[in-house]
């Protein structure tokens, strides 16, 4: 779908609203929503880029952020969510969506900016992530908020694991 300045500013405002209405700071859901907004911003920023070096740098950020995010969800959040909600269908679907994203990430990382389909793969990854985020935020998160999951405790574990993984993927300086 083509975007213009008006739709982009509306999207940015919507993201800010979503950020400010996030669950209590430090909760698992707040941390995951923050990750969602960050990567949405990256995808939107990528749409406007024309410089290959800038595209390569941002694509690397997108891939790293998504790899860390999927890993903390799979290692920490999803097992706790499964135990708290018993919703195997929704969580199984989320794992399949992660597998699809990881496959596209691997393809993107094996390519160079300017290769055939590079931009298309970034765009499709963004669309898949958008779909995944919508399902998590509209279906899974409300179900978890109704459960007895200790969101602060799980949030602390997510934050700790995320910091470890980000240190591993940080570019060497």
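Miscellaneous remarks
- Candidates 40, 97, filtered to the one that is part of a helix (DSSP H, G or I), free of Cβ contacts under 8 Å to residues at least 60 places away in the same chain and more than 19 Å from residue 165 (Cβ to Cβ): 97
- Residue selected from region 144-166 under the condition outside any loop (DSSP other than H, G, I, E, B) and without any contact (Cβ under 8 Å) to a residue 60 or more places away in the chain, by the criterion surrounded by the fewest Cβ atoms within 10 Å (Cβ to Cβ): 146
- Residue check for residue 133: closer than 22 Å to residue 61 by Cα, touching a residue at least 24 places away in the same chain (Cβ under 8 Å), touching a helix residue (DSSP H, G or I) at 6+ places or on another chain (Cβ under 8 Å) and surrounded by 14 or more Cβ atoms within 10 Å (Cβ to Cβ): yes
- Filtered by the rule that a residue be in a helix (DSSP H, G or I) and either in contact (Cβ under 8 Å) with a residue 12 or more places away in the chain or within 15 Å of residue 56 (Cβ to Cβ) (or both), region 111-122 gives 118, 119, 121, 122.
- Count - residues of region 65-87 that are exposed (fewer than 14 other Cβ atoms within 10 Å of the Cβ) and over 19 Å from residue 151 (Cα atoms): 0
- Criterion: over 25 Å from residue 138 (Cα atoms), touching a residue at least 12 places away in the same chain (Cβ under 8 Å), under 18 Å from the mean Cα position of the chain (by Cα) and crowded, with 18+ Cβ neighbours inside 10 Å - qualifying residue of 62, 108: 108
Each value in this text was obtained by applying a stated rule to the coordinates, not by laboratory testing. Model, not experiment: these values are computed from the prediction. A quick note on method: Cβ atoms are made from the backbone with ideal geometry, for glycine too, and the neighbour counts reach across all protein chains shown.
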